[in-house]
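Only one structure is covered here, and it is reproduced in the block below.
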Amino acid sequence: MPKRFPFPRLSATARCLLSALLLPLALAGCTTYVNAPDDDLPPSAQQPHELDYRVLEDQTYTPPDWPQALQADVYLPETRDEARRPAVMMVHGGGWEGRTRDDMTPIAERFVKRGYVVVNVSHRFAPEYRFPAQLQDLQVARHWIDDHAKQWRIDPQRIAGFGYSSGAHLVSLLALVAGTDSDLDAPYGGRDTGFAAVISGGTPADLRLWDSGRLLIQLMNGTQAERPTAYAEASPIFHVHSDAPPFFLFHGSWDDLVPPEQPEKFMQALEDDGNHVELLWMNGRGHITTFLFRGSAESAALEFLAREMPDLKMSP
């Protein structure tokens, strides 16, 4: 079991001061990797070629009758062969109420250079659209990716999900309810809306662990006391099962927005059902700084995908 907190609990002011003193160490990638694999990666994964790529911007993925037209940016690696490639669907954070997919653009650029087709998607926001509208958007997007798999040379058996913060909540939930008897899987889901692997950072895994603040109230259309069943069913941890895809979690050890208790409990639930899960602690970082200085997490996530979705053939 991982340590609950790699550093002692301090006041918010003390943490800010100490964070400033430790920032050079944090930027150097001070991390703790739980369940780090012992096996070596193949040379192609360790020292990859960086590929050129092109981007199909502002592609509408929703059907004409959808409540709001939503777009995605599709990143396509330029290769000399016609082999099907692995893909990653990326979902931005923003408390389910804002931000844009531009937040994920630097990550998308790094992954496409490594040979992944990347589909960076938008979704509807609360409070205008309540949950599960956001999950349904992603289910539609996931079907859309499959519909274009041949055109974009995607291997449909090697599609991963990547989200941060509220995006991690949605990606994790999408992966876990796909093909199950959950009401959340109908009518837009299905087994083919799942993922072969999941990268999930700063994950709100159990909505019941918070007091009902503004973001959750507007997402869920009520407090936890008013809608306890809905809060449980909207939590990824509630849907963990023995056939879950492998998960790579990363989280700031000083995260006050999504406390470290969240990934700890999520990891334990996944492991208890016999699933593979890895956890990278970003020591001395909060919720925002974990995302801003995520380079070591991106590197570990790429290695994770090279193991979990193998046979990535890089062009010379």
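The values are calculated or read from the model by the stated rules, or taken from the named source; none is laboratory data. This one's a predicted model, so the numbers in the text were calculated from it and none came from an experiment. Cβ: placed from backbone, ideal geometry, glycine included. Neighbour counts: every protein chain shown.
Within the range 283-314, can you find the residues that are over 29 Å from A83 (Cα atoms) and of a type outside the set (G, A, S)?
N283, R285, H287, I288, T289, T290, F291, L292, F293, R294
In this structure, is S172 crowded, with 23+ Cβ neighbours inside 10 Å, part of a helix (DSSP H, G or I) and of a type in the set (G, A, S)? Spell out the reasoning first.
Details: crowded, with 23+ Cβ neighbours inside 10 Å: yes; part of a helix (DSSP H, G or I): yes; of a type in the set (G, A, S): yes.
Yes.
Identify, from the list T62, T105, the residue that is within 24 Å of S172 (Cα to Cα), modelled with pLDDT of 85 or more, under 25 Å from the mean Cα position of the chain (by Cα) and not in a loop (DSSP other than H, G, I, E, B).
On the way: T62 fails: not in a loop (DSSP other than H, G, I, E, B).
From the options T62, T105, the qualifying one is T105.
Is at least one residue of the range 228-236 among the β-branched types (V, I, T), outside any loop (DSSP other than H, G, I, E, B) and closer than 26 Å to A87 by Cα?
Filtering the range 228-236 for residues among the β-branched types (V, I, T) gives 229.
If we keep only those that are outside any loop (DSSP other than H, G, I, E, B) too, we end up with 229.
If we keep only those that are closer than 26 Å to A87 by Cα too, we end up with none.
Looking through the range 228-236, none of the residues is among the β-branched types (V, I, T), outside any loop (DSSP other than H, G, I, E, B) and closer than 26 Å to A87 by Cα.
Does at least one position in the range 271-282 carry a residue that is within 17 Å of the chain's Cα centre (by Cα), within 17 Å of F111 (Cβ to Cβ) and not in a loop (DSSP other than H, G, I, E, B)?
Yes, some residue in the range 271-282 is within 17 Å of the chain's Cα centre (by Cα), within 17 Å of F111 (Cβ to Cβ) and not in a loop (DSSP other than H, G, I, E, B).
Give the residue, chosen from E233, E226, that is free of Cβ contacts under 8 Å to residues at least 60 places away in the same chain, among the acidic types (D, E) and under 21 Å from Q136 (Cβ atoms).
Only one candidate qualifies: E233.
Would you mind stating whether W144 is in contact (Cβ under 8 Å) with a residue 24 or more places away in the chain and either touching a Cys at 6+ places or on another chain (Cβ under 7 Å) or not in a helix (DSSP H, G or I) (or both)?
no
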